[in-house]
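A short worksheet on the structure shown next.
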Amino acid sequence: MPEVNFDGLVGPTHSYAGLSYGNKASSNNQGAVSYPRAAALQGLAKMEAVAALGLVQGVLPPHERPHLPTLRARGYSGSDAEVLAKVAREDPVLLARVSSASAMWTANAATVLPSADTRDGRLHFITANLREMFHRAIEPAVTARVLAAVFPDRARVAVHEALPAAKSNDLSADFGDEGAANHTRFTTSATNGGEVNGVHFFVYGAAADSARVPAKFPARQTRAASQRVAQLAALDPERCVYAQQNADAIDAGVFHNDVIAVGNGSMLFCHELAFEHRQETHAALRRAIGGDALCIAEVTRDEVTLEEAVQSYLFNSQLLTTPDGSMTLLCPSECAENPRVRAAIDRVVADAGNPLSRALFMDVRESMRNGGGPACLRLRVPMTAQELASMNRAALVDAPKLALLRAWVQRRYRETLRAEEHADPALLRESRDALDELTTILELGSVYDFQRTTDSQASLGAH
Ligand code: SUG
């Protein structure tokens, strides 16, 4: 039973607002016109491509945006239309923040700890607090609800709330958590599934004893958070490896480890500047995995510079074990456009010393322009056959479901979107109607605030 990939569906308000300091694509594309419909269709095409490899593919829904409850909690009152007009006038950055479709990057939704590795034998999801960026810090409550609706069997699956988000000067009690983007599970199982135990690799940007931290951009993940995540599922400490991300890489725009390294099964594909303590990190992983099992395919700075890695998102490719036991690298199409990046891929594919046997290139440009590549768009869930049987299977995609979702996007999404349109009450209505229909398609129940509050709060907004 191979792992299941759950991709985030791009939401109807997808835009380029330059909200993520330290994420170069986000900053560089600030203010550009976005194409929500094309963005969502690109995501669906990627899901289809992964399913066509013979893998089980799932989908997680967008969040409700603009998020009116966040605005009301900050003192904006009146009808929804009045609130939108006021915030557009007084604080357009806040409007952009509560309108971001950032929940599409489900690699940041949670850390996933499979039942083969946890003390209580359940599959654990630790929802990420995403506290570093305001527009992302409003995701966890709904993410936890969505995960609980997709994995309703509490005897088999635990969904944890996010870790406390308050910042502390004491880094050993400071929980910056960005989820699976900074976590990799290795296993020597041929099928790479949830039945066989694994080794957990947690990569953080800063810890209390870090000799060096990034000078320019934030370290979003703290070691304290990674350790707490491991404790919550009671992972075997012998099978956990913690490593610091290279501070220079963060300053070059590597805001998550999954922008510089990807691991799968017994293979780690990474840049030589991924980790602060390269050799010690490799050695610790080899020790934890045991024997000669781990295969590290490294790309040097001479082959591909840090800047090229960030621009192409080479390491944000999905490294997938296919049913024949070989691996496929699903890369963003930008990788095929840089000859040096392309050559590095060809070299690693041709190397008989690793399980990678081919590369595919996918166009996810709308997401890429916000710093989200193929791997950002998916949450990997290694499951057992029983867990798969007990989940909400309406959240899995097959050909008919993909056709249904495509038609839904075509019908519900705007072709283009400009920042000022976030204040348009019609966009809010369209988005809510679209999401209401989606919760029926995916059989999620009422996961959104607008579905749970009373009429007077949600739409009349008389305060
Ligand atoms: O958190 N971009 C996201 C990209 C997340 C990528 N995820 C992984 N690497 N796993 C972020 O920085 C930009 C939104 C904007 O600027 O409009 C944004 O949120």
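The values are calculated or read from the model by the stated rules, or taken from the named source; none is laboratory data. As the structure is a computational prediction, the values presented were derived from the model and not from experiment. Don't worry about glycine lacking a Cβ; one is built from the backbone with ideal geometry, like all the others, and counts go over all protein chains shown. Each accessible area value is taken on the protein alone, full model and side chains, heavy atoms only, with ligands, DNA and RNA left out. Shrake-Rupley method; radii C 1.70, N 1.55, O 1.52, S 1.80 Å.
Straightening the chain between Asp398 and Asp436 buys 11.6 nm, computed as 0.36 nm per residue apart minus the Cα-Cα spacing.
Among the cysteines of the chain, Cys240, Cys270, Cys295, Cys376 have no other cysteine beta carbon within less than 4.7 Å of their own. Approximating the spin labels as points 7 Å out from Cα along Cα→Cβ, the Asp153-to-Ala141 distance works out to 3.1 nm. Straight-distance candidates among the lysines for linking to Lys216, with alpha-carbon spacing under 23 Å and chain neighbours fewer than 8 residues away dropped: Lys24, Lys167.
In the assembled protein chains, Arg393 presents an accessible area of approximately 130 Å² (probe radius 1.4 Å).
Any idea of the accessible area per residue across the chain, 1.4 Å probe, to the nearest Å²? Present the calculation step by step, with values, prior to reporting the outcome.
Values: 16750 Å² over 463 residues.
Result: 36 Å² of accessible area for each residue.
Just how far, in whole angstrom, is segment 12-29 from segment 81-109 if you go by their alpha carbon centroids? For segment 81-109 versus segment 12-29, the Cα centre distance is 12 Å.
Just by accessible area at a 1.4 angstrom probe, what is the order of Trp408, Trp105 from largest to smallest?
Values: Trp408 0, Trp105 25 Å².
My answer, sorted largest first, is Trp105, Trp408.
What angle do you read, to the nearest 10 degrees and between 0 and 90, between the alpha-carbon axis of helix 223-232 and the longest principal axis of the chain? It is inclined by approximately 90 degrees. Between the residues Pro214, Leu428, Leu19, the greatest Cα displacement towards the positive end of the dipole of the chain, with unit charges on the Cβ of Lys, Arg, Asp and Glu, is found for Leu428.
Put a plus charge on the Cβ of each Lys and Arg, a minus charge on the Cβ of each Asp and Glu, and nothing anywhere else: the dipole of segment 4-461 about its Cα centre is then about 420 debye.
Of the residues Ile441, Ile250, the one with the largest accessible area comes first in the ranking Ile441, Ile250, computed with a 1.4 Å probe on protein heavy atoms. Taking 17 Å as the straight-line reach from the Cα of Lys401, the aspartates and glutamates in range (excluding those fewer than 8 positions away in the same chain) are Asp7, Glu48, Asp436, Glu437, Glu443.
For Phe361, the residues whose amide H sits under 5 Å from its own are Cys331, ignoring neighbours fewer than 5 places away on the same chain, with H placed 1.01 Å from N.
Across all Cα pairs in the chain, the calculated P(r) in 10 Å bins from zero up to the longest distance comes to 4, 22, 33, 27, 11, 2, 0 percent per bin. Working note: Karplus 6.51/-1.76/1.60 with θ = phi - 60° gives segment 181-192 the couplings 5, 10, 9, 9, 10, 9, 8, 8, 5, 4, 8, 6 Hz, where Gly and Pro are set to x. In straight-distance terms, cross-link reach from Lys86 covers every one of the aspartates and glutamates whose alpha-carbon lies under 18 Å from its own, apart from those fewer than eight places away in the same chain; here that gives Glu420, Glu421, Asp424. Set the Förster distance to 35 Å, then compute FRET efficiency between Val33 and Ala166 from the Cβ-Cβ distance, nearest 0.05. Computed FRET efficiency for Val33 and Ala166: 0.40. Here the Karplus curve 6.51 cos²θ - 1.76 cosθ + 1.60, taken at θ = phi - 60°, turns the phi angles of segment 334-339 into couplings of 4, 5, 7, 8, 9, x Hz, with x standing for Gly and Pro. Taking the 1.4 Å solvent-accessible surface of segment 315-422 as the whole, the part contributed by carbon and sulfur is 53%. Here's the picture: charge each Lys and Arg Cβ at +1 and each Asp and Glu Cβ at -1 in the chain, and of Val364, Met327, Pro339 the one pushed furthest to the positive end of that dipole is Val364.
The mean sequence separation of alpha-carbon pairs under 8 Å and at least six residues apart, normalised by the residue count of the chain, gives a relative contact order of 24 percent. With contributions of -39500 (n - 2.57) from each DSSP H run of at least four residues, the per-residue ellipticity at 222 nm computed over the chain stands at -9500 deg cm²/dmol.
In what order, largest first, do Ser189, Ser27 sit by accessible area if the probe radius is 1.4 Å?
On the way: Ser189 20, Ser27 55 Å².
Highest to lowest solvent-accessible surface, that is Ser27, Ser189.
The distance from the alpha carbon centre of segment 390-420 to that of segment 143-183 is 26 Å, rounded to a whole number. Looking at the square roots a ≥ b ≥ c of the eigenvalues of the Cα gyration tensor of segment 248-402, which shape do they give, rounded for a/c under 1.5, prolate if a/b is larger than b/c, or oblate? Verdict is oblate for segment 248-402.
Of all DSSP beta bridges in the chain, what percent run antiparallel (nearest 5)?
On the way: 23 of 48 bridges.
Among the beta bridges of the chain, antiparallel pairing accounts for roughly 50 percent.
Inter-part distance, segment 340-356 to segment 184-199, computed on C-alpha centroids, equals 23 Å. With a Förster radius of 22 Å applied to the C-beta separation of Thr453 and Glu82, the computed FRET efficiency comes to 0.85.
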